[in-house]
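Here the structure is laid out as structure tokens; the discussion comes afterwards.
The values are calculated or read from the model by the stated rules, or taken from the named source; none is laboratory data. Note that the structure is predicted; figures quoted are calculated from it, not measured. Virtual Cβ from ideal backbone geometry, glycine too; neighbours counted across all protein chains shown.
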Amino acid sequence: MSRGFQVPRGTFDITPADSARRARILEAASRLLSRAGYGRIETPAFEDTELFARGVGQATEIVRKEMFTFADHGGRSITLRPEGTAPICRAYVEHGMHKLPQPVKLWYSGPFFRYEAPQAGRYRQFAQIGAEAIGSDSPLLDAEAILLLWDLIAELGIDGVELRLGSLGSPASRAAYREELADHLGKHSEELSKDVRDRMAENPLRAFDSDHEGTKRVMAQAPTMLERLDAQDAEHFEALKGLLDENGVTYRVDGTLVRGLDYYTRTVFEFTCDRLGAQSGIGGGGRYDGLVEQLGGPATPAVGWAAGIERLLIALDAPEPEAQSDVFVMAEDSERPRALAIVTRLRRAGLSADLDLAGRSRKGQMKQADRRGARHTLILQAGEPTIVRDMNSGEQREVADEHLADELSPPSA
Ligand code: AMP
């Protein structure tokens with residue numbers, strides 16, 4: 001016999017037990033975001049490669065090493081989406097959403113793909129929930145976005161979470177800062193890791209993310225972008241902090257916070273959870289005031305975030321919810337067709353109902369009813385009326401088949 005197949009490295013199946021826990025997260029996000037005026041958007045799982053090359057940035061790890069890119073049969077270069085913001089800006093421009101009242105608030109959820117080294121909490125296909133508010137540079141938007149992710153994390157009951165907050169300023173002040181930083185790195189180049197040295201001209205800010213001891217020492221002495229913000233960016237950052245304070249959000253200002261995507265301007269933030277180990281980021285985002293224009297739209301400021309569903313699940317560590325159903329029908333062999341007719345009628349009336357489909361004995365069926373967490377079992381015997389057993393009280397009564405749906409419907413709240 002052949003060994004059979006396994007999922008590709010860095011991917012996994014979502015079984016029914018997992019999907020119940022994932023659904024809880026999605027329902028909470030959907031509720032929270034739609035209350036805040038975010039509309040759900042779904043974009044394709046693949047896009048033109050150029051969208052990410054231009055949107056996410058040629059110098060980023062994602063574009064350099066992590067994209068699943070291939071030529072389709074028409075010779076076009078296609079990439080499985082590694083992130084959601086560039087596709088949403090593409091959709092915003094493509095559908096002329098700049099003509100709608102601004103800001104346009106959108107949320108999404110779905111699979112994303114990055115060719116990363118798999119480990120706990122890091123996969124090659126993972127799911128994100130994300131939110132983008134496009135069309136205003138007000139710090140109110142930044143604050144609202146952060147508050148929504150803060151509230152989602154709180155509603156899910158995740159503890160041990162820290163919010164780090166920074167600002168990358170505007171492209172002009174960042175360009176000047178990058179030169180200053182590259183200068184600092186240049187002066188200490190022999191103390192840096194090879195990787196940082198090779199890329200310090202292209203992307204010096206990434207050196208803040210390095211685990212290399214020598215690099216860390218050099219970076220501890222480096223100037224930070226926060227110290228180099230121009231007056232307007234500094235004012236924007238102060239306003240945001242004030243709004244977060246007023247709404248009970250606690251955070252740590254971190255001048256070394258850099259994120260792996262090039263499009264950020266001004267606000268950047270990241271939520272980490274100490275229950276997660278090395279891959280501690282559960283969600284993050286920031287402002288990207290230049291991206292819509294860079295992708296061919298009008299100059300449009302925007303802010304957004306994405307949170308990883310698998311990371312939220314690990315942080316949550318909640319047990320699988322216990323099975324609960326309304327009815328399980330137990331039937332002796334000759335009564336199985338009648339059992340199917342009854343569950344069909346009950347399901348049509350909106351109840352969750354099931355029957356034994358494996359030819360189990362009476363005892364086996366009883367066990368199955370238990371496993372299903374059935375509130376009632378029905379016992380069918382040839383030539384006898386149906387017996388309804390309340391699984392909590394043990395009480396039994398006879399009910400005519402045509403009255404079952406009415407009798408068994410839970411009292412409406
Ligand atoms: P990013 O798009 O890199 O800002 O990531 C946003 C969030 O997505 C992170 O905070 C993680 O929760 C999640 N995430 C990113 N990459 C992965 C991955 N390879 N596997 C699982 N989750 C991920």
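Is it true that Gly186 is in a loop (DSSP other than H, G, I, E, B) and either at pLDDT below 90 or of a type outside the set (D, E, K, R) (or both)?
No: the conditions fail for Gly186.
Quick test of your reading of the structure: Gln128 fulfils all but one of (1) outside any strand (DSSP E or B); (2) of a type in the set (S, T, N, Q); (3) within 14 Å of the chain's Cα centre (by Cα). Name the failing condition by number.
The failed condition is (1).
Could you pull out the residue among Ile88, Ile78, Ile14 that is touching a strand residue (DSSP E or B) at 6+ places or on another chain (Cβ under 9 Å), part of a loop (DSSP other than H, G, I, E, B) and surrounded by 12 or more Cβ atoms within 10 Å (Cβ to Cβ)?
Only one candidate passes the filter, namely Ile14.
Could you check how many residues of the range 241-268 are more than 10 Å from the ligand (Cβ to nearest atom), buried (at least 17 other Cβ atoms within 10 Å of the Cβ) and either within 15 Å of Ala307 (Cβ to Cβ) or of a type in the set (Asp, Glu) (or both)?
Here the count works out to 2.
Could you list, in sequence order, all residues of the range 269-280 that are near the ligand (Cβ under 10 Å from one of its atoms) and over 19 Å from Leu147 (Cβ atoms)?
Within the range 269-280, Leu276, Gln279, Ser280 qualify.
Could you identify the single residue in Leu291, Leu316 that is crowded, with 22+ Cβ neighbours inside 10 Å and either within 16 Å of the ligand (Cβ to nearest atom) or closer than 19 Å to Gly130 by Cβ (or both)?
Leu291
Having 2 or more residues that are under 35 Å from the mean Cα position of the chain (by Cα) is the bar; report the helices (runs of 4 or more DSSP H) wholly within the range 305-413 that clear it.
Counting at least 2 such residues, we get 309-316, 336-348, 362-371.
Going by what's in this entry, would Glu162 be described as part of a helix (DSSP H, G or I) and not aromatic (Phe, Trp, Tyr)?
In short, no.
Within the range 55-110, restricting attention to residues that are out of contact with any Gly (no Cβ under 9 Å at 6 or more places or on another chain) and among the aromatic types (Phe, Trp, Tyr), which residue is farthest from the ligand (Cβ to nearest atom)?
Phe70
List pairs: first residue in the range 246-275 and more than 26 Å from Glu66 (Cα to Cα) and in a strand (DSSP E or B), second residue within 15 Å of the ligand (Cβ to nearest atom) and small (Gly, Ala, Ser) anywhere in the structure, Cβ distance under 9 angstrom, at least six positions apart or on different chains.
Hits for this filter: Val253/Gly166.
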